[in-house]
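Below you'll find the structure, written out as structure tokens, and then a few comments.
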Amino acid sequence: MSLNNRELRLILLFVFLFLSACSHQSSRPDPDEEIMLQNAMKNLSSEYSNPRLVTGVLRVSIEDISLLSGENLEASNLARGVPADQSPSLHIWSSDIRDYPTQKVLQGSSIQPHPTDLSIDSEHGNQILYWNPALNSDGDITLTRNFRYITYDYKPEVDRDMEHLNWDQIPDSIFGQYTRPETFLEQDSALIDTVSYLVVHISDPVSQAEALYNWVQKSLTYVYPPDQRGVQNAFETRKGDCGQYSALFMTMCRIAGIPARQQSGFNFVSENTGAHVWSEIYLPIKGWVPVDATRKNGFLHLDNQRLITSIGLNIPLKFSPGWATYENSEVEGGQTDFMQMYTLVSSGIDANYSSTLQVIRSVELP
């Protein structure tokens, strides 16, 4: 199978091969796990509750690899907007699974094979893993990440009056970066007028954000997949999936002067496993707090069924080929729109691509 456009993202993000026959699930932790979970709650505020211990695997497989050559290679490259003399190549990136306030990675996590490079995304702080594997027509490629982490329900306790009084204490770097327009989060006049109408009589920014969340909840209808990505399509059609809900909410917050960004990852429990994105807004006292615009109880609440993989949109990637665009890959201008499973760029390859997202163990304190 030859993939020459962003169909590859659909394969990697949404074709999950569940291996339930070899998975072990239990409704209760064993004694050692219960002690671990109890210890994990020490020194945490009452905002964090219901710790969940999760073990899982993310895997991508590239099989039946065939390397193009000669006229076939040149024709394939030219058809995809790749330089004619570009040799077969494969670039793979993934955002490392790491600690966040609602997620703590435990010992026992591993990555095979080891990445070629590890870098820090200066825009959002993601730790970006990169592979540039050797290609052989008779060899398959498998990347496997085993991980173990604790995740929590999080409901921040927010004093709206105090946040309002301290609003001018938001760091300029955060305010500037996360209130600006950017690709997929454009700020046009119709959307600006709508935001102004919704918040004009609301004084404190937390209540403004809640009014925007309520409007998105009321106005959008969930549809997957959307016919086009980005906030403009979401606003014009009033339809979209979680990414469109998030894009619209974030852009409306930014217009109102409320810093907002995306978190990407998965719903990650055996009974509800799949790709998902949501938002965060920045408050001067509490810092980044969650808002999931697709959930009825999603304002200032994140449940303990998530695996967070990355922060932000338009994530810069080292080693991205200059010829990569969204027409022939998952990267354009040295950036990828967001990261959940893996981001790939390839040339001169025919192969079968598949991905696996597996919950091995998921237990919660009663």
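Conditions: (1) part of a loop (DSSP other than H, G, I, E, B); (2) in the same structural domain as residue 98 (by TED's automatic domain parsing); (3) not basic (Lys, Arg). Residue 355 meets all but one. Number of the miss?
Condition (1) is where residue 355 drops out.
Being modelled with pLDDT under 95, assigned to a strand (DSSP E or B) and surrounded by fewer than 17 Cβ atoms within 10 Å (Cβ to Cβ) narrows it down to one residue among 64, 138; which is it?
64
Out of everything in segment 276-297 that is surrounded by 21 or more Cβ atoms within 10 Å (Cβ to Cβ) and of a type in the set (A, V, I, L, M), what residue ends up being nearest to the chain's Cα centre (by Cα)?
So the residue we want is 277.
Which numbered condition trips up residue 258, out of (1) closer than 16 Å to residue 182 by Cα; (2) touching a Cys at 6+ places or on another chain (Cβ under 6 Å)?
(2)
Cβ-Cβ under 6 Å, sequence separation 6+ or interchain: first residue in segment 214-236 and under 21 Å from residue 330 (Cβ atoms), partner in a helix (DSSP H, G or I). Which pairs?
The qualifying pairs are 226/244; 231/247; 231/248; 231/251; 234/244; 234/247; 234/248.
Residues that are in contact with a Lys or Arg (Cβ under 8 Å, 6 or more places away or on another chain), modelled with pLDDT of 95 or more, within 22 Å of residue 319 (Cα to Cα) and of a type outside the set (Asp, Glu): does segment 169-182 have at least one?
no
Can you tell me which residues in segment 97-134 are buried (at least 19 other Cβ atoms within 10 Å of the Cβ) and either without any contact (Cβ under 8 Å) to a residue 40 or more places away in the chain or closer than 30 Å to residue 69 by Cα (or both)?
129, 131
Can residue 177 be described as part of a strand (DSSP E or B) and either touching an Asp or Glu at 6+ places or on another chain (Cβ under 8 Å) or outside the structural domain of residue 279 (by TED's automatic domain parsing) (or both)?
No: the conditions fail for residue 177.
What is the one condition in (1) farther than 23 Å from residue 135 by Cα; (2) among the basic types (Lys, Arg); (3) at pLDDT 95 or above; (4) surrounded by fewer than 23 Cβ atoms within 10 Å (Cβ to Cβ) that residue 318 does not satisfy?
All conditions are met except number (1).
Being among the charged types (D, E, K, R) and touching a helix residue (DSSP H, G or I) at 6+ places or on another chain (Cβ under 8 Å) is the filter here; which residues of segment 62-109 pass it?
85, 104 - these are the residues of segment 62-109 that are among the charged types (D, E, K, R) and touching a helix residue (DSSP H, G or I) at 6+ places or on another chain (Cβ under 8 Å).
Kindly evaluate residue 310 against the criterion of being buried (at least 23 other Cβ atoms within 10 Å of the Cβ), in a strand (DSSP E or B) and either on the phi > 0 side of the Ramachandran plot or more than 19 Å from the chain's Cα centre (by Cα) (or both).
So residue 310 fails the test.
The values are calculated or read from the model by the stated rules, or taken from the named source; none is laboratory data. Only a predicted model underlies this, so the values are computations on that prediction, with no experimental measurement involved. Glycine gets a Cβ as well: all are built from the backbone with ideal geometry, and neighbour counts include every protein chain shown.
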